[in-house]
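For reference, the structure I am asking about is given below.
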Protein chains: 2
Amino acid sequence: MSKVAIGARTLLYPLPAVLVGADVDGKPNFSAYAWCGIANSSPPMLSVSFQHKRHTLKGIKQNGTFSVNIPSIELVKETDYCGIVSGRDTDKVADCRFNIFYGKLGNAPLISECPVNIECRVLHILNLGSHEMVVAQIEEIHATDSCLTGGAPDANKIKPFLWAMPPVNQYCAFGKPIGEAFSIGKQLKA
Amino acid sequence: MSKVAIGARTLLYPLPAVLVGADVDGKPNFSAYAWCGIANSSPPMLSVSFQHKRHTLKGIKQNGTFSVNIPSIELVKETDYCGIVSGRDTDKVADCRFNIFYGKLGNAPLISECPVNIECRVLHILNLGSHEMVVAQIEEIHATDSCLTGGAPDANKIKPFLWAMPPVNQYCAFGKPIGEAFSIGKQLKA
């Protein structure tokens, strides 16, 4: 098992591919992001990092709110498209034929077609260099009812996907189960 | 497409299942974490959120360094085990038969058996409530040479996995490719 030092770089598996939305100058805009994760459990928080120039970030700073929408594998084209073009140049909502709704926060746009929609309120913004990391409280979550099992969002029904970075550079579906969490490790405990 | 408000909670897909390591009182310890993500591109940074009481966090504060180790699907039992038990009660390195090495930082323990090992230096710690979010600079990455393609870490060879939270509550392998990133969306652009 020979190791090679490959230098400092952004690398993590798995990486999400989510659609982050904000009203920018009063108009809903969405872009695809992979630099995000859960930040806190109680109260629930997540973080998303944005390049300074990003159009969505402008709207987040205008409103102090944004949304994280989890696309299903059926929306892979739309997700990728939202990461390729800028809301400065085109109306991505129209281009993707998204239906938009608003929830508890009132000004965080949500995509009906995405099975999970997370409403977020900004708490902290850290300027880290190339990116600003926005830490936000999760204020409400909306889910498509057909994607729930016993009231909880079910990944088997949501069919979310991930981004496997280059050299693979593919969006991938979730694969086969390899073990039950907080359980399979007990075999080692014995 | 009827929507249901399911309340604020921690929810995101995909979620990682990585082994975060630190020397605690001079002894290497590892635990499984899902609350982590990339935070910045240049310089490269990531964040991991820890409950205050976590043994690994004690070591991170002692040294200002830690590691993020990406396990392959062959290590799912060991990964889960490291999330179930505490380093206060047992020597997880011995229990999992991990071989440990050190890299550039000198005191961030790395697991040989994990195909990717990320050395991190602490920059910021945010107390967010239940968790402290540690933002860290990625200082060096080590990879098992058989997991590289053209010098870059290749997810098809690394075989990382993800955690699909309850009600699924399974670790899952990466699944089938559903589209090329920064490319498949161009079909919508036309």
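If I ask for residues that are under 16 Å from residue A:144 (Cα atoms) and of a type in the set (Val, Ile, Thr), which ones from the stretch B:1-26 would you list?
Hits for the stretch B:1-26 are B:4, B:6.
So, of the residues in the stretch A:1-29 that are in a loop (DSSP other than H, G, I, E, B) and either of a type in the set (Ser, Thr, Tyr) or in contact (Cβ under 8 Å) with a residue 40 or more places away in the chain (or both), which turns out to be most open to solvent (accessible area, probe 1.4 Å)?
It comes out as A:2.
Look through the stretch B:58-100, keep the residues that are hydroxyl-bearing (Ser, Thr, Tyr) and under 16 Å from residue B:23 (Cα atoms), and return whichever of them is farthest from the chain's Cα centre (by Cα).
For the stretch B:58-100, the residue satisfying everything is B:90.
Would you mind listing the helices (runs of 4 or more DSSP H) fully within the stretch B:30-111 where at least 1 residues are within 11 Å of another protein chain (Cβ to nearest Cβ) and surrounded by 16 or more Cβ atoms within 10 Å (Cβ to Cβ)?
Ranges flagged: B:76-84, B:92-96.
So, one more: May I ask you to list the residues in the stretch A:139-168 that are modelled with pLDDT under 95 and on the phi > 0 side of the Ramachandran plot?
Across the stretch A:139-168, the qualifying residues are A:150, A:151.
If you scan the stretch B:112-134, which residues turn out to be open to solvent by 10 Å² or more (accessible area, probe 1.4 Å) and hydrophobic (A, V, I, L, M, F, W, C)?
B:122, B:123, B:125, B:126, B:128
Within the stretch B:135-169, count every residue that is under 20 Å from residue B:45 (Cβ atoms) and either facing chain A (nearest Cβ under 7 Å) or open to solvent by less than 10 Å² (accessible area, probe 1.4 Å) (or both).
Count: 11.
The values are calculated or read from the model by the stated rules, or taken from the named source; none is laboratory data. No experiment lies behind these values; they were computed from the predicted model shown. Positions of Cβ are generated from backbone atoms using ideal geometry, with glycine treated the same way; all protein chains shown enter the neighbour counts. These accessible areas exclude ligands, DNA and RNA; they are computed on the full protein's heavy atoms, side chains included. Shrake-Rupley method; radii C 1.70, N 1.55, O 1.52, S 1.80 Å.
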